[in-house]
Amino acid sequence: MEKKRLAERRRITLNEVAKKAGISRTTLNRVANIPGYNTNTNTIEALCNYFECEIDDLVERIEVE
């Protein structure tokens with residue numbers, strides 16, 4: 001979100017992202033604020049489309065011990 005905010009020189013809210021990406025605000029809030037939150041590929045794809053980025057720009061693999 002920070003990259004997009006800087007590129008567009010404006011504030012970008014979670015509500016805006018959720019609406020334009022076509023995902024629920026609740027899901028987006030969880031993805032953004034809960035480390036290790038499990039989401040589905042549809043949500044990841046919607047966010048990649050909105051941010052015009054690749055999956056590895058959004059997703060980090062966390063090894064479970």
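The values are calculated or read from the model by the stated rules, or taken from the named source; none is laboratory data. Computed from a predicted model, the values in this text were never measured in an experiment. Using ideal geometry, Cβ is built from the backbone for each residue, glycine included, and neighbour counts are taken over all protein chains shown. Note: areas computed on protein heavy atoms with side chains; ligands, DNA, RNA excluded. Shrake-Rupley method; radii C 1.70, N 1.55, O 1.52, S 1.80 Å.
Enumerate the pairs (first residue in the stretch 36-65 and open to solvent by 80 Å² or more (accessible area, probe 1.4 Å); second residue anywhere and of a type outside the set (V, I, T) and in a loop (DSSP other than H, G, I, E, B)) with beta-carbon separation below 7 Å, excluding pairs fewer than 6 apart on the same chain, so at least 6 apart or on different chains. Pairs that qualify, where the first residue is open to solvent by 80 Å² or more (accessible area, probe 1.4 Å) and the partner is of a type outside the set (V, I, T) and in a loop (DSSP other than H, G, I, E, B), are I62/G36. Open to solvent by less than 80 Å² (accessible area, probe 1.4 Å) and in contact with a helix residue (DSSP H, G or I) (Cβ under 8 Å, 6 or more places away or on another chain): does that describe G22? Here the answer is yes, as G22 does meet what is asked.
Scan the stretch 10-19 residue by residue and report those that are part of a helix (DSSP H, G or I) and either surrounded by 12 or more Cβ atoms within 10 Å (Cβ to Cβ) or of a type in the set (D, E) (or both). Can you show your working first?
Start the filter on the stretch 10-19 by keeping residues that are part of a helix (DSSP H, G or I), which leaves 14-19.
Selection gives L14, E16, V17, A18, K19.
Checked across the stretch 26-33, the condition of being open to solvent by 80 Å² or more (accessible area, probe 1.4 Å), in a loop (DSSP other than H, G, I, E, B) and not charged (D, E, K, R) holds for no residue.
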